[in-house]
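Bear in mind that the values in this text are calculations on the coordinates, not laboratory data. Quantities reported herein were computed from a predicted structural model and do not represent experimental measurements. Every residue, glycine as well, gets a Cβ built from its backbone with ideal geometry; the counts of neighbours run over all protein chains shown.
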Amino acid sequence: MVVLLLTPRSDQAELWRRLLSAALDGIDFRVHPNIGDPAHIDAVLAWKPPHGVLATLSRLKLICSLGMGVDHLLADPLLPQDVPIARLVDPNMIEQMSEYVLYAALHFHRGFDVYQRFQSERRWEELPLPHTAMRRIGIMGLGAIGTDCARRLAGLGFSVRGWSRTPKALKGVRSFSGRHQLAEFLGETDILVSVLPLTRQTARIVDARLFAELPPGASFINVARGELVVEDDLLAALDCGRLAGAMLDVTVSEPLAAASPLWAHPKVRITPHIAGLTNPVTAVEPIAENLRRLRAGLPLRDLVDRIRGY
Ligand code: NDP
């Protein structure tokens, strides 16, 4: 089986080669752009491939995303239509995402954003602290990551709710679904967490109208994709006090331009898309499992529904 690695992270190529060869017998592993004959490639491990490259691989049978999101693949106008796409579902990455969300939720819950400003003013002052069970955390997207975040936040004693396309039955988590329940969900959310995939339906969903549905003084955490958010509306909501703060791991353009007002905004914390990092050591097993299934003609796991877009 000929497997091609197609990622800007060329520093990880040797590690992928070693891990995949150890997990699977008989792999001919190639690294873009040294692909040999494009007609020999059976499967691709891809992160942000240049548009059009996948279309040149005439024997391609499987595209494995090296990230949990697949918007980077579906954005290719020349993406082969009949090749299955499997996204990465790595428990280690899910854990990393939850760690980030827990940190951010506690940051806002305990007022660390405000205490940081107080410190810069050498101000010794106590803020009111609502009981944890009264703090309402709303998670947009109750998939692999959102479900794990919801369980852990509920375990800490927060009042947790989630919004998804279809209803969910998760212990300790109130489920809202569909556009018709979005306003109700937002109306009882003090800390909003975005962990939706980027699709035609979710692009720019976090806008002025959405912020207006949140209780005044709510906070916003985005670990999903920057394009879910209308950044001008976010800045306006922060400036008028509708939003108390935002912690953003992702932005519309990445890297975030030096001139962006988000960098220096006193109510914004920025991290450079590091909430969950693909670690080949743990990501290799779900990918190898799919390659084994492909070879054996068995049903593949974690397949993307192209119509839904995730
Ligand atoms: P999943 O596909 O497992 O879950 C997606 C969730 O979003 C599901 O609950 C789904 O609803 C819901 N959803 C999708 N479309 C809509 C819609 N139109 N309205 C309401 N709900 C919707 O995704 P993951 O949890 O694995 O990942 C989520 C995203 O996190 C990824 O797509 C990626 O962009 C981002 N990510 C970011 C990382 C980072 O480092 N910052 C790292 C990893 C991922 P339903 O359950 O009903 O289908």
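DSSP beta bridges in the chain, what fraction antiparallel, as a percent rounded to 5? About 5 percent, rounded to the nearest 5.
For the residues D249, D71, D239, a GNM of the chain with alpha-carbon springs under 10 Å puts the largest fluctuation on D239.
Bridge orientation summary for the range 202-310: considering DSSP beta bridges with both residues in this region, about 0 percent are antiparallel.
With respect to the chain, whose longest principal axis is taken over its alpha-carbon atoms, helix 91-109 is tilted by about 10°. In the distance distribution for the range 50-102, Cα-Cα pairs more than 13 Å apart total 63 percent.
Based on every Cα atom in the range 159-282, Rg and the maximum pairwise Cα distance Dmax equal 14.8, 45 Å.
When the chain is treated as a GNM, springs tying every alpha-carbon pair under 10 Å, which of R17, R87, R117 comes out with the largest mean-square fluctuation? Result for the chain, Cα springs under 10 Å: R117 fluctuates most.
Rg and Dmax, both from the Cα atoms of the chain and both in Å, are 21.1, 68.
Counting only DSSP beta bridges whose two residues both lie in the range 81-215, roughly 5 percent are antiparallel. Summarising the overall dimensions of the range 16-59 from its C-alpha atoms, the Rg and Dmax are 11.1, 31 angstrom. Rounded, prolate or oblate: which one fits the range 94-204, using the alpha carbon gyration tensor with axes a ≥ b ≥ c (rounded when a/c is under 1.5, else prolate when a/b beats b/c, else oblate)? Since a/c reaches 1.5 and a/b is larger than b/c, the shape of the range 94-204 is classed as prolate. At the listed q of 0.15, 0.17, 0.23, 0.29 Å⁻¹, the Debye profile of the range 160-206, built from one uniform point per Cα, gives log10 I(q)/I(0) equal to -0.38, -0.49, -0.90, -1.32. If you take the beta carbon distance between A133 and H180 as r and set R0 to 35 Å, what does 1/(1 + (r/R0)^6) give as a FRET efficiency, to the nearest 0.05? After rounding to 0.05, the efficiency reads 0.80.
Charged neighbours of G178, selected by a Cβ distance under 13 Å, balance to +2 (K, R count +1; D, E count -1). Using a Gaussian network model of the chain whose springs link C-alpha atoms within less than 10 Å, name the residue from L248, L15, L235 with the highest mean-square fluctuation. Result for the chain, Cα springs under 10 Å: L15 fluctuates most.
For S98, neighbours were defined as the other residues whose beta-carbon sits under 10 Å from its Cβ, and their charges (Lys and Arg +1, Asp and Glu -1) total -1. Once the Cα atoms are used to define both axes, helix 13-23 deviates from the longest principal axis of the chain by about 70 degrees.
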